[in-house]
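Read-outs: derived from the displayed coordinates by stated rules, not from any lab. For clarity, every value in this text was computed on a predicted model and none was experimentally measured. Neighbour counts run over all protein chains shown; Cβ positions are idealised from the backbone, glycine included.
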């Protein structure tokens, strides 16, 4: 089946690699950079350490430390305005997906006039590369160091939209497992499920291809072996390294196939109820796997077995889907992933997002996606997860 496979930007991966940030910025010719992060990264002391490494290389820094979850459009413009006032010639995004998305949007606006919403969607691609951008993830989830765009909340429409293309592209990703050792269990769980959804959805997308399948399968396998270890043993550097590798692979895997139902559902959940991204995109995953099993049974079998559920050779399609769904439910329970009721949501509130899923989703699931299908998935997830 025809599909686009995108080979992403370079990535420097390994323990201690974040210490090389200053030298890497010098290689890009940077003399003063905008460093973007949130308060959590600041309180953990990670921001100060990275900034010190940049300064030791003789490069000036300006900090934007007000990154918000599901970053709103106005915060992107605020960060970019700071960079323009300070005349920076590069950007560093440090933290989780929100920090990296904010950095991508800020990079775009350093070379292109605001507002950011004029660049939303795949029709608003900015072709010019702009200033160098290095991103350093501190969570194992988004894989944003390997994706050509970012997700930003359009506050006028109250939806999440994307900026894509060279105008906001990463110049270099630096992936250092040592920065994730102190990640709290609840964030480990949510971001780990985000990485899992990237791999699973790209693996089962209508736009799958042989390249993405190889990468997605490895990511699924790594997460099956290491997410619960990283959750229960935060200082386990081997588990942390494996999860970061899986996260990066997940970002690569979805570059061509993109994601489908999990993210189509998760985006309006995040925009409307501010549920953490990884939790929202995984909210209906067991039910989604059961639903799409008739279209891709062998792939669903692989997912079930990667999570430790043996699937008999003679299993029916329905049984394969049920076993995969049960395996994901068990994983979600093991890592205490919150469900809809944990956030005090009512069933009617949850079902109310179904029209937005259809309106803004990409319909790349291997089974038909209608509003009734989405409502049924949400209803089942509300009762079962």
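The figures follow:
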item: For segment 183-384: relative contact order, % (alpha-carbon pairs under 8 angstrom, 6 or more apart); result: 26
item: Spin-label pair residue 379/residue 359, simplified geometry with 7 Å Cα→Cβ offset, distance in nm; result: 2.2
item: Most fluctuating residue given options 175, 163, 125, as computed from a GNM of the chain linking Cα atoms under 10 Å; result: 125
item: Helical mean residue ellipticity (222 nm; -39500 (n - 2.57) per DSSP H run of 4+; nearest 500) of the chain; result: -15500 deg cm²/dmol
item: Segment 278-339, relative contact order in percent, only Cα pairs under 8 angstrom and at least six apart counted; result: 43
item: Highest-fluctuation residue, 267, 131, 347 considered, GNM on the chain with Cα pairs under 10 Å; result: 347
item: Rounded, prolate or oblate (a/c below 1.5 giving rounded, otherwise prolate when a/b exceeds b/c) for segment 161-234 by Cα gyration tensor; result: oblate
item: Using a Förster distance of 22 Å, the FRET efficiency for residue 182-residue 334 (Cβ separation, nearest 0.05); result: 0.55
item: DSSP beta bridge pairing in the chain, given as percent antiparallel to the nearest 5; result: 25
item: Shape category assigned to segment 183-384 from the gyration tensor of Cα positions, a/c cut at 1.5; result: rounded
item: Distance between modelled label sites at residue 66 and residue 118, nm, 7 Å Cα→Cβ extension; result: 2.3
item: Relative contact order for segment 45-172, counting Cα pairs under 8 Å that sit 6 or more residues apart, in percent; result: 27
item: Two-site FRET efficiency, residue 52 against residue 314, from Cβ-Cβ distance with R₀ of 51 Å, rounded to 0.05; result: 0.25
item: Zone residues, segment 53-81, relative to residue 23, backbone N less than 16 Å from point 7 Å out along Cα-to-Cβ; result: 53-59
item: Theoretical gain in end-to-end length, residue 274 to residue 347 [0.36 nm per residue, Cα-Cα removed]; result: 24.6 nm
item: Label selected from [x] 28.3; [y] 21.3; [z] 20.7, the criterion being Kirkwood radius over Cα pairs in Å as computed here; result: [z]
item: Added length on full extension, which subtracts the Cα-Cα distance from 0.36 nm per residue, residue 31 to residue 125; result: 31.1 nm
item: Ranked by how many other beta carbons lie within 10 Å on average, peptides 325-337, 197-209, 50-62 from highest; result: 197-209, 325-337, 50-62
item: Prolate/oblate/rounded call for segment 11-179, Cα gyration tensor, a/c under 1.5 rounded; result: prolate
item: Zone of residue 232's modelled label, taken as backbone nitrogen in segment 310-353 under 14 Å from a point 7 Å along Cα→Cβ; result: 331-336
